[in-house]
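Here's the structure, in structure tokens; my notes come after.
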Amino acid sequence: MARRVLIVDDEPLIVKGLKYSLEHDGFETESAADGEEAVNKFFAGQFDLILLDVMLPKLNGIEVCQRIREKSNVPIIMLTAKGEDMDKILGLEYGADDYMTKPFNILEVKARIKSILRRTTVQQHDNSAKILQVRDMKINLNNRSVTIGGKEVNLTAKEFDLLQLFVSNRGKVFSRESLLETIWKYDYLGDLRTVDVHIRRLREKIEKNPAQPEFIFTKWGVGYYFTDKD
């Protein structure tokens, strides 16, 4: 079945170019020109990924991202014409999985889409262990869900990928550069804070006290590692 992408942008030429290129690669696409239309279309249909512009009429991209994150963990790639780091990080803070700054190379957009979608489905074809468990935290690799004490924890695609990597390699220290290469599958060159944002968000969701973590630790000057102290 073809993967469905919702393209949200108020610039017709950008939408036209994205639709043409993605459909040429076998994706199904639908588009929205403002934030309200995007929210309505998303909840009325089924999509595998969203390309979401930051600057939109009615509701901006951050507001759209927040509303979608209240109900869904669908992968979201933010599109922004601004170059300021704060705009990029802000999008990640509210639940985006990735971002691209306009003007962008359509080949890179497709590479990032395929990378995210590949990582969100690869476990369905893996015959190895389907459940990872740490104390009362269960990580289901089939449906990519996480529960702690029987209560579901809503993680984004990248947050889940990070947690799975950490739990599968307990005690191993990962530098921010290696996490970018492993999880994002490309070079962010200068955007290492992207990792920090995702780690902080992941800690807020799985740690009882993010300021005093029990699972994800920082090895200063090196990177991050996971341990359950058992």
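Would you compute, from DSSP H runs of 4+ residues alone, the mean residue ellipticity of the chain at 222 nm, taking -39500 (n - 2.57) per run and dividing by the full residue count, rounded to the nearest 500?
Mean residue ellipticity, 222 nm, calculated: -11500 deg cm²/dmol.
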Segment residue 30-residue 63, length gained on full extension (0.36 nm per residue, minus Cα span) = 9.9 nm
Between the helical axis of 12-24 and the dominant principal axis of the chain, each derived from Cα atoms, what acute angle in degrees is found, rounded to the nearest 10?
-> 70 degrees
Kindly state, to the nearest 0.05, the FRET efficiency for residue 130 paired with residue 207, given R0 = 35 Å and r defined as their beta-carbon distance.
-> 0.90
Going from the alpha-carbon gyration tensor of the stretch 1-64, what semi-axes, largest first and in whole Å, does one get by taking the root of 5 times each eigenvalue?
-> 19, 14, 8
Reachable lysines from residue 16, Cα under 19 Å, same-chain residues fewer than 8 places away excluded?
-> 41, 102, 110
Loop-resident sites, the stretch 1-104, for trypsin sites (Lys or Arg not before Pro), counting at most 14 other Cβ within 10 Å (DSSP) = 58, 71, 82
Can you figure out the FRET efficiency of residue 169 with residue 44, using R₀ = 30 Å and their beta-carbon distance, to the nearest 0.05?
-> 0.15
Of 138/208; 158/219; 88/151; 130/205; 58/88, which ones are farther than 26 Å apart at the Cα?
-> 88/151
Against the longest alpha carbon principal axis of the chain, how many degrees, from 0 to 90 and to the nearest 10, is the axis of helix 35-44 turned?
-> 70 degrees
Computed over the stretch 1-56, protein heavy atoms only, probe 1.4 angstrom, the accessible area per residue in square angstrom equals 51 Å²
Starting from the Cα of residue 108, step 7 Å along the direction of its Cβ; do the same at residue 11; then give the gap between the two resulting points in nm.
-> 1.4 nm
Of all DSSP beta bridges located in the chain, what percent are antiparallel, nearest 5?
-> 50 percent
To the nearest Å, what is the center-to-center distance of the stretch 27-99 and the stretch 213-229, using C-alpha atoms only?
-> 31 Å
State, to one decimal in nm, how far the label point of residue 193 lies from the label point of residue 23, with both points 7 Å from Cα in the Cβ direction.
-> 3.9 nm
How big is the charge dipole of the chain about its Cα centre, in debye rounded to the nearest 20, if each Lys and Arg gets +1 on its Cβ and each Asp and Glu gets -1 on its Cβ?
-> 780 debye
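The values are calculated or read from the model by the stated rules, or taken from the named source; none is laboratory data. Note that the structure is predicted; figures quoted are calculated from it, not measured. Neighbour counts are summed over all protein chains in view; Cβ atoms, including those assigned to glycine, are modelled from backbone coordinates with ideal geometry. Each accessible area value is taken on the protein alone, full model and side chains, heavy atoms only, with ligands, DNA and RNA left out. Shrake-Rupley method; radii C 1.70, N 1.55, O 1.52, S 1.80 Å.
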